[in-house]
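For reference, the structure discussed in these notes is given below.
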């Protein structure tokens with residue numbers, strides 16, 4: 001099994017990077033849709049209907065599959081011999097940030113349901129939360145590249 005992981009490493013790493021890019025694009029865009037939904041989509045009909053469709057498709061068709069592939073490929077990379085030095089700090093800081101990113105994804109899914117019920121937060125709140133994936137991305141990239 002470890003030989004197979006070593007041989008597949010560049011392919012799995014490529015898949016991981018592509019999935020992360022897709023996931024991050026959604027994590028950046030969905031809160032922005034929530035801002036517009038909260039500020040301009042309160043009444044029934046349009047534009048609320050358009051926001052609901054965009055939010056649903058983004059979450060179900062792009063973000064959820066991208067998160068799953070990110071996790072699966074990431075776990076395969078972690079299991080590849082010689083890739084991770086568990087005595088260093090960086091794998092732990094990356095893992096913590098990835099767990100936080102996953103929590104944020106789940107929080108966004110819950111907020112989408114709240115918006116459908118008319119119980120969403122304010123546009124200002126979603127604007128502030130829109131910065132969370134950026135901060136987590138900084139931690140993840142610095143952890144992997146700088147390996148602090």
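General observations
- When residues of the stretch 33-57 are limited to those that are assigned to a loop (DSSP other than H, G, I, E, B) and surrounded by fewer than 18 Cβ atoms within 10 Å (Cβ to Cβ), the one modelled with the highest pLDDT: 47
- Verdict on residue 72 being over 22 Å from residue 105 (Cα atoms) and part of a helix (DSSP H, G or I): no
- Considering only residues in the stretch 89-107 that are without any contact (Cβ under 8 Å) to a residue 60 or more places away in the chain and under 13 Å from the mean Cα position of the chain (by Cα), the one that is farthest from residue 57 (Cα to Cα) turns out to be 97.
- Checked against (1) touching a helix residue (DSSP H, G or I) at 6+ places or on another chain (Cβ under 7 Å); (2) assigned to a helix (DSSP H, G or I); (3) more than 19 Å from residue 30 (Cβ to Cβ), residue 95 passes all but condition (1).
- Residue check for residue 9: surrounded by 15 or more Cβ atoms within 10 Å (Cβ to Cβ), free of Cβ contacts under 8 Å to residues at least 40 places away in the same chain and part of a helix (DSSP H, G or I): no
- Failed item, numbered, when residue 126 is tested on (1) under 30 Å from residue 14 (Cα atoms); (2) surrounded by 15 or more Cβ atoms within 10 Å (Cβ to Cβ); (3) at pLDDT 95 or above: (1)
- Answer residue from the stretch 108-124, given it is free of Cβ contacts under 8 Å to residues at least 12 places away in the same chain and assigned to a helix (DSSP H, G or I) and is nearest to the chain's Cα centre (by Cα) among those: 110
The values are calculated or read from the model by the stated rules, or taken from the named source; none is laboratory data. Because the structure is predicted, anything quoted here is derived from the model rather than measured. No Cβ is skipped: glycine too gets one built from the backbone with ideal geometry, and neighbour counts run over all protein chains shown.
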